[in-house]
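Below: one structure, written as structure tokens.
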Amino acid sequence: MPENGILFFILNKLNQKFITLHLIIHLMQRFLHILIYLFTMLITVPAFARTDGGQYIVVLDAGHGGKDPGAIGSSSKNREKDINLAITLGVGRLLQANCPDVKLVYTRSTDVFVELGRRAEIANKVKADLFVSIHTNALPKEARKAAGVQSYTLSLRTASTNLEVEKRENSVIQYEIDGNSKYSYSNPNSSESDIMFELMQDRDMQESVNFAKIVQNEMVRTGGRNDMGVLQANLAVLRLTYMPSVLLEVGYISTPSEEQFLMSDWGRETMAKSIYNAIVRYKAQVTGKQSKLEKIGNAPTPSPAAQVEEISNEAPQSAKTQNSNSNKPAAQKTSASKAKRTVYKVQILAGNVKLKSNDRQFKGLKCEMHQYGKRYTYTYGSASTMEEAKKLRKSILDKFPEAYIVTFEE
């Protein structure tokens, strides 16, 4: 072998050994870093559930607030931050009234701005057993038809389907001083960040999913909302907490019918009771202590003066609903009855425009119009029980995914 070849061979071997040694040192440093984090977690972070007779600590987080209004509805007065706070306080009142073994903590109980890091810090400092962040969904103007509820748990890797939710709910960082640099350590594209946060969150992730399934079920089955699923997203407020944590989207302020529901006292009460029931059910699972569950009340009864008109694309069936001199359906006024009964109907549309009976928006369904001043709502079908109404609603979800149940006294 020539002298130059021997020299090259020796240098190449030395270089390989140097690279291998450097790689071993790097891996050892990372392993040591991880061990330090694990040790810190073990001495500072409590177990997710208390079974020793102590208080069960629930942190309620009303999303947005103060200078951060969140999503805006059809009117500038209809703001996400107000909906979130009203529902959060409603959940809190029910917990305080019915659960003496629960210690309740709010991240905000008034219209103030609270940084994402501070929200998580509050929960971590009190060693919370459960963190519930309440938000309202929204879509761009051209896509304002979606309706329903979603429950989010933490995922450190972004799914394309949830990217818009992440952008919107993490956008509060723009209101914080040095927000981008403050949260840069949790860059989801960093492999080291993934390792650290997966280790810190692993034991709580499964419980977060467990609670998310319970609260989603309550909002859908008890609250009568459209089911849009239990999902995962890389949300900062969840990423920074060290306990089972869920972010709830209670409806779409960008969809007129949902906006109307969320701006009503009954709608907010319905969502508050659904979330409260979920907390009670989950707490019973992990502590063995059951508390009182709440029933969802009926929607407000329409005014006796409200006009109710049946709208149908089908031929008239009898003289009761048809004037012999006209092809137009007859208008009927609701009147008080000696023996009133509750009737459940499925609302599909609402607005300030009176639609014609053959309007394509009804998609071939036989509907009723209800007029309240200059406001019109349109319902489909009629049922005598909530269970029947839920089946009725389910039967048209392919045509009207935003449909929800309302009640009338007849």
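So here's what we get for this one:
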| read-out | value |
| --- | --- |
| Residue 74 versus residue 285: modelled label distance in nm, points set 7 Å from Cα along the beta carbon direction | 3.8 |
| Least to most buried among 353, 126 (fewest other Cβ within 10 Å first) | 353, 126 |
| Above-threshold pairs, the threshold being 27 Å between Cα atoms, out of 67/103; 103/295; 81/399; 273/345; 81/292; 77/363 | 67/103; 81/399; 81/292; 77/363 |
| Segment residue 55-residue 353, length gained on full extension (0.36 nm per residue, minus Cα span) | 102.0 nm |
| Residues 74, 274, sorted so that the one with the fewest Cβ neighbours within 10 Å comes first | 74, 274 |
| Additional length obtainable on full extension of the chain from residue 385 to residue 101, 0.36 nm per residue less Cα span | 98.8 nm |
| Highest to lowest packing among 64-70, 288-294, scored as the average C-beta count within 10 Å | 64-70, 288-294 |
| Alpha-carbon centroids, segment 85-157 and segment 256-289: separation in whole Å | 11 |
| Distance between modelled label sites at residue 67 and residue 397, nm, 7 Å Cα→Cβ extension | 4.2 |
| Theoretical FRET efficiency, 1/(1+(r/R0)^6), r = Cβ-Cβ of residue 109 and residue 206, R0 22 Å, to 0.05 | 0.15 |
| Taking 111, 61, 82 and counting other C-beta atoms within 10 Å, the order from fewest to most | 111, 82, 61 |
| Protection proxy ranking of 354-361, 264-271 - average other beta-carbon atoms within 10 Å, highest first | 264-271, 354-361 |
| Burial ranking of peptide ranges 251-258, 94-101 (average Cβ count within 10 Å, highest at the top) | 251-258, 94-101 |
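Bear in mind that the values in this text are calculations on the coordinates, not laboratory data. What you are looking at is a predicted structure, and each value in this text was computed from that prediction instead of being measured. For neighbour counting, all protein chains shown are included, and Cβ atoms are generated from backbone atoms with ideal geometry for every residue, glycine included.
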